[in-house]
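Asks: So that we are looking at the same thing, I have put the structure below in structure tokens.
Nothing in this text is a laboratory measurement; each read-out follows from the coordinates by a stated rule. Just so we're clear, the structure is a prediction, and the values are computed from it rather than from any experiment.
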Amino acid sequence: MPRGRKFSADDLQLLLLALLEEEPRHGYELIKALQARSNGFYSPSPGMVYPSLTYLEELGHVTVEAEGNRKRYALADGGREHLAARRARVDAMWAKLNHIAAKMDSVRRAFSGEDLSEASEGGWLPELAQARRALKTALFRRHDLSADEQRRIAAILQRAAREIEGEGGAR
């Protein structure tokens, strides 16, 4: 698994709050929950998680209840408000982690010799993955675009994104 920071400290704090929104947990349980959600891709170190939890407690976003030598963290009203104000960001991070988890699963299945002809790149069909790569390639090749052409392409991509999300066109 690649090492290094995958999320900023602020993003980690939001993910921790989102997990605590589901249920109170110990720090170790939060680490394991992030690891499980990402299929092993993201496992923040205790050196990242516990200082984040202390900071969230200082801000009044979480409450702490001692259980022997362990602490159980719960979402406080301040944390609930903080999380609600940043819901779109949290949802985007969960989507990213879910996609990465599916990719990790595909890699594991490929190494086990399983036939992946119906799914690749995180569960996407090969034709969808190819279309995505073709779009990226087309954009990289057009690095010298005028401002008007960039606006035209941006409008096309925004329409496509809305259609994919089901907001303004065919589903």
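Asks: Share of Cα-Cα pairs in the chain beyond 28 Å, in percent?
Replies: 43
Asks: Run down the lysines and flag those whose C-alpha is under 21 Å from the C-alpha of residue 71, throwing out any fewer than 8 positions away in its chain.
Replies: 32
Asks: Could you give each residue of the stretch 137-145 its phi-based ³J(HN,Hα) in whole Hz, using Karplus coefficients 6.51, -1.76, 1.60 with θ = phi - 60°, and x for Gly or Pro?
Replies: With the stated coefficients, the stretch 137-145 comes to 5, 4, 5, 5, 6, 9, 6, 9, 6 Hz.
Asks: Compute the acute angle (0 to 90°) between the alpha-carbon long axis of helix 9-22 and the principal axis of greatest extent of the alpha-carbon atoms of the chain; round to the nearest 10°.
Replies: That works out to roughly 70 degrees.
Asks: Which of these, 144, 91, 77, has the largest mean-square fluctuation under a Gaussian network model of the chain (Cα springs below 10 Å)?
Replies: 144
Asks: Compute for the stretch 125-171: radius of gyration divided by Kirkwood radius, i.e. Rg/Rh, restricted to C-alpha atoms, rounded to two decimals.
Replies: 1.04
Asks: Explain nothing, just compute: Karplus ³J(HN,Hα) = 6.51 cos²θ - 1.76 cosθ + 1.60, θ = phi - 60°, for every residue of the stretch 71-82 in order, whole Hz, x for Gly and Pro.
Replies: 10, 9, 9, 9, 6, 9, 4, x, x, 4, 5, 4
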